[in-house]
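J.: Let me begin by handing over the structure; questions about it come next.
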Amino acid sequence: MISNEKDLLENEIINLLSSKNSRPYIFRTRLERVLERLLNYSEKNNLTLLRNKSLEVKSKLSYISDQSNQTSDGSLKSFVFLESDIKKLPNYLER
């Protein structure tokens, strides 16, 4: 069961990484949901590093304003800002 949950979380993160041109509200909502799931998973499995990284991304997200939300290529600025952090999240599922 735990590995299945881990696989689902990894898939959700992969889906997030493919949403750089989505609407700001959709991206933000999806990211918030994934972060909540990661926090729950980290608490159930005692994964402190995953919990800390999820909280760090959540904190950064709280400071982002999507008022001027796109770069010249159509990517969300919030996605560009958080992309490297999102890419690191699956690594913390392993620990």
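The values are calculated or read from the model by the stated rules, or taken from the named source; none is laboratory data. Every value quoted in this text rests on a predicted model; they were computed, and no experiment measured them. Because the Cβ atoms are built from the backbone with ideal geometry, glycine has one as well, and the counts that use them run over all protein chains shown. The area values use the complete protein model at the heavy-atom level, side chains included, leaving out ligands, DNA and RNA. Shrake-Rupley method; radii C 1.70, N 1.55, O 1.52, S 1.80 Å.
J.: To the nearest 10 square angstrom, what accessible area does Lys20 show with a 1.4 Å probe?
T.: Per-residue accessible area (Lys20): approximately 80 Å².
J.: Excluding ligands, DNA and RNA, what is the solvent-accessible area per residue of the chain at a probe of 1.4 Å, expressed in Å²?
T.: 62
J.: Averaged across orientations, what area in nm² does the convex hull of the alpha carbons in the chain project?
T.: In nm², the orientation-averaged hull projection of the chain is 5.5.
J.: Contour minus end-to-end for Phe81 and Ile14, with contour as 0.36 nm per residue of separation and end-to-end as the Cα-Cα distance?
T.: 22.5 nm
J.: Each residue of region 75-82 in order: what ³J(HN,Hα) in whole Hz does its phi give by Karplus 6.51 cos²θ - 1.76 cosθ + 1.60, θ = phi - 60°, with x for Gly and Pro?
T.: 6, 6, 4, 5, 5, 4, 5, 9
J.: What percentage of the solvent-accessible surface of the chain, computed with a 1.4 Å probe over protein heavy atoms, is contributed by carbon and sulfur atoms?
T.: 48
J.: Counting Lys and Arg as +1 and Asp and Glu as -1, each charge on the Cβ, what is the dipole of the chain about the Cα centre in debye, to the nearest 20?
T.: I would put it at about 140 debye.
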